[in-house]
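Taking it in order: structure first as structure tokens, then the write-up.
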Amino acid sequence: MSNRTQVSTGPKVVKEGKQPGKEASLFIEKKMSQMRETLKKYPIPFDTIKK
Amino acid sequence: MKANIYAVSPHGNGCWKFVSEGRRGRFEVRILFTRDFSEPDHKLYNLGFGVWNPLTREIDDSIEVRNGDMDRILATVGVTALNFLELNPDSFIYAEGSTAARTRKYQMGIAAYLADIPDIFRIKGLLIETKNGQLNPPPTWEPFRVGVNYRAFLLHSNVLYLK
């Protein structure tokens, strides 16, 4: 058995719906649906919003 | 920022957590940044937070804990979002409350600390005004103004565009 120490590399962002153990999957689905519904009507003008 | 915030710890996969302490006890609150891959050209993240329910293993942003620390919770979420942007300066963070009332609370939280937010960060609000049932003027994403009611918020960093 290895005695290597587990070192945390901090949080990593993974793909939507790929949370470990599907934690908060309903919450994610709800929030993403809400955001997409809003942005479908009112898109973010990314190219002009940066300044 | 000079805000009084809770100690936040990473939980992995875009999730952070902290414990709300107040008159009704201790509640674990989780903050989640979820990448929207339907925007492949931009790193757009949805910001969500709420009370962690260990039984359902879900985050509940619909309940009112009434723990007397909402300002501190909002400040904690706000600082966590700024830290996220410092680590991911090419990202955009979208935030919208689960209800109009909650979005108003976010708005008040942003307004309370607006002067303390470093200049490299930008906050936009989605302004939707109606008059006689018609949009007036057309909805716009504009720089956040205190006292204006917004539908949603967008936080991003300007550090990559400064010359």
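Worth a mention:
- Every listed requirement among (1) within 25 Å of A:Leu26 (Cβ to Cβ); (2) in contact with a Leu (Cβ under 9 Å, 6 or more places away or on another chain); (3) within 14 Å of chain A (Cβ to nearest Cβ) is met by B:Lys105 save one, (3).
- Candidates are the residues of region B:95-117 that are farther than 16 Å from B:Val79 by Cβ and of a type in the set (Gly, Ala, Ser); the one that is surrounded by the most Cβ atoms within 10 Å (Cβ to Cβ) is B:Gly97.
- Of all residues in region A:12-43, those being at pLDDT 85 or above, in a helix (DSSP H, G or I), over 10 Å from the mean Cα position of the chain (by Cα) and not basic (Lys, Arg) number 10.
- Matching residues in region B:31-49 - criterion: being more than 7 Å from chain A (Cβ to nearest Cβ) and either under 14 Å from the mean Cα position of the chain (by Cα) or in contact (Cβ under 8 Å) with a residue 12 or more places away in the chain (or both): B:Ile31, B:Lys43, B:Leu44, B:Tyr45, B:Leu47, B:Phe49
- Hits in region B:118-139 (condition: surrounded by 13 or more Cβ atoms within 10 Å (Cβ to Cβ) and modelled with pLDDT of 90 or more): B:Ile120, B:Phe121, B:Arg122, B:Ile123, B:Lys124, B:Gly125, B:Leu126, B:Leu127, B:Ile128
- Residues satisfying the stated conditions in region B:18-30, i.e. buried (at least 19 other Cβ atoms within 10 Å of the Cβ) and more than 9 Å from every other protein chain (Cβ to nearest Cβ): B:Phe18, B:Ser20, B:Phe27, B:Val29
- Listed by first and then second residue, the pairs with beta-carbon distance under 7 Å, at least 6 apart or on different chains, first residue in region B:93-119 and more than 16 Å from B:Gly48 (Cβ to Cβ) and free of Cβ contacts under 8 Å to residues at least 40 places away in the same chain, second among the β-branched types (Val, Ile, Thr) and assigned to a loop (DSSP other than H, G, I, E, B), are B:Ala111/B:Val146; B:Leu114/B:Val146.
- Looking only at residues of region B:113-163 that are among the small types (Gly, Ala, Ser) and assigned to a loop (DSSP other than H, G, I, E, B), we find that the one that is farthest from B:Ala81 (Cα to Cα) is B:Gly133.
The values are calculated or read from the model by the stated rules, or taken from the named source; none is laboratory data. None of these values were measured; they are calculated from a predicted model. So basically every Cβ, Gly included, is an ideal-geometry build from the backbone, and we count neighbours across all protein chains shown.
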